[in-house]
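Following: one structure in structure tokens, then a few remarks.
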Amino acid sequence: MTIRTFLAAGAAAMAFTSGAYAADCKTDVEDAFDLSGAQIEEIYACIGDKMLEGYTKGDNEVAAVYRTWTPTATRPAVAGPHGNRLLNTFANDIAAEQYLKFEEEGVVMPAGSVLAKESIKINVKKSKAVVGPLFIMTKGEAGAAPDADDWIYSAVQPNGKPMKIKQSFCHNCHEAFEGQDALGYPLEEVRVSN
Ligand code: HEC
């Protein structure tokens with residue numbers, strides 16, 4: 001077990017214990033951007049196991065395994081895009097080495113790379129955190145998706161069902177990350193580097 005998988009296992013175990021007591025993940029912020037790192041960690045500890053339970057209710061292959069992958073951030077964070085949700089990305093073995101360099105020039109991710117990003121929405125009206133979709137990017141072989149730098153986008157709903165999405169909707173924004181092979185990367189303050 002690497003130190004990273006050890007940490008991830010610890011976080012998952014913690015999420016399980018606190019989740020068992022806090023059924024509703026309450027938060028009283030007016031805006032997701034107002035959350036402190038500590039508050040986000042509390043929310044994640046509360047919602048983390050419920051989230052995985054939902055994503056894995058269907059038969060999505062990524063949902064079933066992504067928590068065993070390499071975490072790319074120390075905790076979820078709010079970047080703005082993706083509906084001001086709290087975002088937390090995991091990289092599979094093929095993607096991890098390159099992704100965790102967070103390079104900004106000349107990045108070409110290997111075919112077979114998969115990034116899975118959990119999301120949490122702050123429902124301000126109900127003063128609680130709720131599970132958002134699991135967003136997924138899969139790098140195909142050269143020519144697999146010529147209009148999208150060979151990325152295939154998909155998403156799983158909080159109830160485990162596939163989410164209807166449009167490739168161009170996702171890629172029209174992601175293609176702006178030039179030199180980074182369409183990757184947005186987590187906020188700098190939470191990145192886990194290798
Ligand atoms: C308006 C811009 C925008 C749109 C539209 C968008 N994304 Fe993203 N996406 C981002 C940004 C910015 C990040 C990096 C921020 C973060 O993860 O904290 C990101 C990160 C990701 C990641 C993690 C890998 C990475 O880029 O670092 C995945 C997976 C992802 N998005 C999937 C999707 C899918 C699937 C869709 C379509 C349903 C989509 N995105 C639509 C802006 C966008």
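Where a number appears in this text, it was derived from the coordinates with a stated rule and is not lab data. Small disclaimer: the values here were computed from a predicted structure and weren't measured. Please note: Cβ atoms are built from the backbone with ideal geometry, for glycine as well, and neighbour counts cover all protein chains shown.
Computed per residue of the chain from DSSP H runs no shorter than four, each worth -39500 (n - 2.57), the mean residue ellipticity at 222 nm is -9000 deg cm²/dmol.
Ranked for footprinting exposure by Cβ neighbours inside 10 Å, fewest first, Phe135, Phe177, Phe169 give Phe169, Phe177, Phe135. When you count the other C-beta atoms within 10 angstrom of each residue and take the mean per peptide, 85-97, 60-72 line up highest first as 85-97, 60-72. Absence of a disulfide-compatible partner, taken as no other cysteine beta carbon within less than 4.7 angstrom, is noted in the chain for Cys170, Cys173. Measure out, as a whole number of angstrom, how far apart the alpha-carbon centroids of segment 55-130 and segment 133-188 sit. Rounded to whole Å, the Cα centres lie 11 Å apart.
Pair-distance distribution P(r) for segment 34-138, from all Cα-Cα distances in 5 Å bins starting at 0: 2, 12, 22, 24, 19, 12, 7, 2, 0 percent.
Look at the alpha carbon pairs under 8 Å that are at least 6 residues apart: their mean separation over the length of segment 3-183 gives a relative contact order of 20 percent.
Each semi-axis of the equivalent ellipsoid for segment 125-173 is √(5λ) with λ an eigenvalue of the Cα gyration tensor; in descending order they amount to 27, 11, 8 Å. Once backbone amide H atoms are built at 1.01 Å from N, Lys128 has Thr27, Asn123 as its partners under 5 Å, excluding neighbours fewer than 5 places away on the same chain.
The mean of 1/r over all pairs of different alpha-carbon atoms in the chain, once inverted, gives a Kirkwood hydrodynamic radius of 17.0 Å. Of Cys170, Cys46, the sequence from fewest to most neighbouring Cβ atoms within 10 angstrom is Cys170, Cys46.
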